[in-house]
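Step one of this worksheet: look at the structure below.
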Amino acid sequence: MISQSSHGRKRPRTRSFTRRVLTAGLVGVLSATGLAGMSGSATASNHTLAEAAASKGLYFGTAVAHNRLSESDYVAVLNREFNSVTHENSLKWESVQPSRGNFTFTNADRVVNHARSQGMSLRGHTLVWHSQLPGWMNNLSAADTRTEMNNHINRVMGQYRGQIHSWDVVNEAFQDGNSGARRSSPFQDKIGNSWIEESFRTARAADGNAKLCYNDYNTDGINAKSNAVYDMVRDFKARGVPIDCVGFQSHFNPQSPVPGNYQQNLQRFADLGVDVQITELDIEGSGAAQADNYRRVIEACLGVSRCTGISVWGVTDKYSWRSGGTPLLFDGNYNKKPAYDAVLQALGGSGGGTNPPPGTGACSVTYEQTDRWGDRFNGRVTVRAGSSAISSWRVNVTVSNGQRISATWNGSPTWDSSGNVMTMRPNGNGNLSAGASTSFGFTVMANGNWSAPSLGSCSVN
Ligand code: 9MR
């Protein structure tokens, strides 16, 4: 079970963090353009977003689309860099209850199962929202709307009780602009103002251990909309309505830039006695300007002790809901962008910029464990050309003492005298066009040692 206590800044090194690192040693992915041995030590590494954030007591998450989990490059970056996951769409009302009373969790489960298998925690998005509501919710009486709202919360939270650290119980309930009013929705229009607090009370009863969040956009700075949310949260705290956190979506672009008073706004909410989380971060742009904006967001969260975690709204630009704005940390080929390096650095991490420099014709390698049995495991190494084509490659794979590589495929191995270091070269020619990849695999007899192998850097001569 995922421990939700690991998501407070007060206790950065709790069980789930330790498990995440240990799991990475068993199941995870090593980025290796240099030596990247994972010893399983909880203190060693800060070379990924998740590791660097964890060293600051934060989680670092991403939205995940269930249908991308079959793409190996997507999964490799997800597993390597993130330790929290939000369903991008598959936990929304229309996805889990498309017709009245018929709940279907198949797609949502794919995301939950993947996250849990990797030791990642989960944010729950979202229970009560005016958008992505199935049509049948529009035609109900006031009494039925209320009954269905509570039923939906109970059923969905019950399904994942104990597995989700924070739930967006209510999403985007306020209007944009200066009115500070609540937005029209079946809930608002039929039940009236009380629907929000009723949702939170129902949610608390449904899963007493989950953190209950209100989540919205355009509330990132101090403005009429965030003032309205602030007044609601203050009122809830004063009257004992259960609310634990406020999510700031933080979708930014040139028309809606990172506000100058971003940190101040997070802090004033925190001062009400709730945690704050950056829940859907993406920033349109490129290069140094985009990197600088990302850095400001990370620094703002780090500056607020009740800011407990950051999630970006997707792994790669190519699948972003606004891909034209290239708003994420990895480009369409899963290369780290300057924004990635800025985030890693702001989190105190090191080792960014491991993409091959442009024009060198270099290559990079990643490792993942693909299978495990009682006595052995299979590993897969993916070799990717940089921004120029390559015609050969060579990678060293070093296993621990006691381990033994008993089989290989898709490559030509040679061995050093100890038998621990395998040098893998391509079968036949090693031609890879710019950005293209190939993989080789091997079986490691564990002999009681389940450490991931160390990967040397990829050489092209
Ligand atoms: O990223 C989501 C996109 O795939 C959906 O088509 C869209 C439908 O409304 O929702 C997107 O996610 C939204 C999130 O659930 C709530 N905040 C705004 C996000 C971006 O639109």
Requested in this report: Could you grab me the full set of residues in the range 50-64 that are open to solvent by less than 10 Å² (accessible area, probe 1.4 Å) and part of a helix (DSSP H, G or I)?
Outcome: 50, 52, 53, 54
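Under the condition of being assigned to a strand (DSSP E or B) and of a type in the set (Gly, Ala, Ser), which residue from the range 423-447 is farthest from residue 382 (Cα to Cα)?
441
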Requested in this report: Would you check if there is a residue in the range 267-281 being out of contact with any strand residue (DSSP E or B) (no Cβ under 7 Å at 6 or more places or on another chain) and open to solvent by less than 20 Å² (accessible area, probe 1.4 Å)?
Outcome: no
Query raised in the report: Given the structure, is residue 387 surrounded by fewer than 18 Cβ atoms within 10 Å (Cβ to Cβ), touching a residue at least 40 places away in the same chain (Cβ under 8 Å) and under 23 Å from residue 336 (Cβ atoms)?
Result: yes
Report summary line: Picked from the range 113-137 (must be among the polar types (S, T, N, Q) and crowded, with 24+ Cβ neighbours inside 10 Å), the residue farthest from the ligand (Cβ to nearest atom) is 121
Query raised in the report: For the subset of the range 75-92 comprising residues that are within 15 Å of the ligand (Cβ to nearest atom) and touching a residue at least 40 places away in the same chain (Cβ under 8 Å), which member is surrounded by the fewest Cβ atoms within 10 Å (Cβ to Cβ)?
Result: 89
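Could you grab me the full set of residues in the range 306-333 that are open to solvent by 20 Å² or more (accessible area, probe 1.4 Å), part of a loop (DSSP other than H, G, I, E, B) and in contact with a helix residue (DSSP H, G or I) (Cβ under 7 Å, 6 or more places away or on another chain)?
306, 326, 331, 332
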Query - Selected residue [among the hydroxyl-bearing types (Ser, Thr, Tyr), within 16 Å of the ligand (Cβ to nearest atom) and modelled with pLDDT of 95 or more] from 70, 95 - result: 95
Query - Hey, residue 211 more than 26 Å from residue 250 (Cα to Cα), modelled with pLDDT of 95 or more and open to solvent by 10 Å² or more (accessible area, probe 1.4 Å) or not - result: no
Query - Selection status of residue 170, open to solvent by less than 60 Å² (accessible area, probe 1.4 Å), within 20 Å of residue 274 (Cα to Cα) and in a helix (DSSP H, G or I) - result: no
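The values are calculated or read from the model by the stated rules, or taken from the named source; none is laboratory data. The shown structure was predicted, so the numbers you read here are calculated from the model rather than taken from an experiment. Virtual Cβ from ideal backbone geometry, glycine too; neighbours counted across all protein chains shown. Note: areas computed on protein heavy atoms with side chains; ligands, DNA, RNA excluded. Shrake-Rupley method; radii C 1.70, N 1.55, O 1.52, S 1.80 Å.
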